[in-house]
Amino acid sequence: MNVEQTIEKLYVILIRRPLTVLRKEVNKLGKKHKCYICGQTFHAFYPYRTGSNSASSFLKELNMIGRGVDDFGCPYCNSSDRERHLFMFFDKLNLWQEFTQAHILHFAPERNLSPGIRRMKPTQYVMGDLYPSSDEISRIDVADIQFPDDSFDFVICNHVLEHVPDDRRAMREIFRVLRESGKAILQTPYSGILGKTFEDANINSDEMRIRFYGETTHIRVYGRDLFERLEKSGFRLNVVKNEGLYSRNECSYYGVNHEEDLILVSKSGDG
Ligand SMILES: [Zn+2]
C-alpha cells in the first residue's frame with residue numbers, strides 16, 4: 001500500500017464512516033416524516049441511489065408516477081415507498097380482511113408486506129420470483145405461471161411489469177390464474193405525460209436504460225395507455241384514486257407519491 005492509499009484508508013476510517021453514522025443518528029432525531037409501516041419518525045427518508053438529482057432530464061420531464069426516488073427508504077425498517085403505499089391502501093380499503101382464507105400469489109414479495117399478509121391466514125400463500133432470494137420463494141416467471149387456470153383470489157404484482165419483456169403475456173397469465181371473483185394489484189411506474197408507452201429495442205445498454213427508463217432492469221416507460229393494455233388483457237379496471245384516501249400532506253409525511261393510485265383490477269368486474 002502506497003502513501004496515498006494509506007491516507008485514503010485513514011480518511012475513510014477516521015472521517016467518512018463516523019460522519020455517515022453521525023448523519024444517520026441525527027436524521028433519526030427529526031420528526032418531519034413517519035414510516036407508515038414501523039411507526040418511527042425521522043427527518044428524511046433516504047433516496048433511491050442518489051435521488052432525483054441524478055435522473056436524466058428526459059425522465060424528469062416525464063412526471064413519473066409511482067417511482068419515489070427521493071422519499072424512498074425508511075432509515076429504520078428499510079421499507080420502500082411502494083411497500084408503504086400498499087400498506088396504506090390495504091388499511092384504508094380493508095383489503096387485509098380479504099386475504100383471510102384466500103389463495104394468494106405474490107410476485108417479488110416485499111420483505112415488510114409478506115408477514116402482514118401471512119398474519120391474515122390465507123389458505124394458500126405462494127411467493128414467486130424469477131430470481132428467488134430465499135427457499136420460501138418459488139421460481140415463477142410471471143409470463144409463464146405454472147399454475148392452472150382460476151387458481152388464485154389475489155395476485156399481487158407490485159412494480160414487476162416494467163421489468164418483464166413480454167408484459168402483455170404476463171398480464172394474460174395473471175388474468176388466467178385468477179379466479180372469476182379474483183383481483184390483482186398491478187402497481188407499476190408510468191408517465192403522467194406520455195400517452196403511449198415508450199420502449200425501443202435500440203435502448204439496449206445499462207447506461208441507456210438508466211437514462212430513458214430509470215433502471216438497468218426496466219424495459220419500458222409506461223404511458224397512460226398502460227390502462228388500455230390491462231383492459232385488452234381482459235381485466236376490468238377498479239383503480240382507486242389515492243387523493244380520495246390520503247391528503248397531499250399525509251403522503252408527504254409518509255413518503256409516498258400522492259399521484260399514485262392503486263391499480264386494482266378484477267377478472268369479472270364485480271370486485
Ligand atoms: Zn420503517
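Here is the figure for segment 55-70: residues that are touching a Gly at 6+ places or on another chain (Cβ under 9 Å) and either more than 16 Å from the ligand (Cβ to nearest atom) or more than 18 Å from L113 (Cα to Cα) (or both) total 10. Taken together, the residues in segment 71-88 that are within 12 Å of the ligand (Cβ to nearest atom) and among the basic types (K, R) amount to 1.
Of all the criteria given as (1) closer than 30 Å to K31 by Cβ; (2) acidic (D, E); (3) outside any helix (DSSP H, G or I), the one not satisfied by E243 is (3). Among the conditions (1) within 19 Å of the chain's Cα centre (by Cα); (2) modelled with pLDDT of 90 or more, the only one that G195 does not satisfy is (1).
Let's see how each residue does on (1) touching a residue at least 40 places away in the same chain (Cβ under 8 Å); (2) more than 25 Å from Q124 (Cα to Cα); (3) not assigned by TED's automatic domain parsing to the domain that holds H33:
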{"position": "E173", "(1), (2), (3)": "no, no, yes"}
{"position": "K196", "(1), (2), (3)": "no, yes, yes"}
{"position": "M208", "(1), (2), (3)": "no, yes, yes"}
{"position": "F212", "(1), (2), (3)": "yes, yes, yes"}
{"position": "N238", "(1), (2), (3)": "yes, no, yes"}
{"position": "L245", "(1), (2), (3)": "yes, yes, yes"}
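Summed over segment 239-271, residues that are under 13 Å from F87 (Cα atoms) and of a type in the set (A, V, I, L, M) total 3. All told, R209 meets the bar of being modelled with pLDDT under 95, assigned to a helix (DSSP H, G or I), surrounded by 15 or more Cβ atoms within 10 Å (Cβ to Cβ) and not β-branched (V, I, T).
The values are calculated or read from the model by the stated rules, or taken from the named source; none is laboratory data. Quick caveat: nothing in here was measured; it's all calculated off a predicted structure. Heads up, the Cβs are rebuilt from the backbone with ideal geometry, glycines too, and the neighbour counts pull from every protein chain shown.
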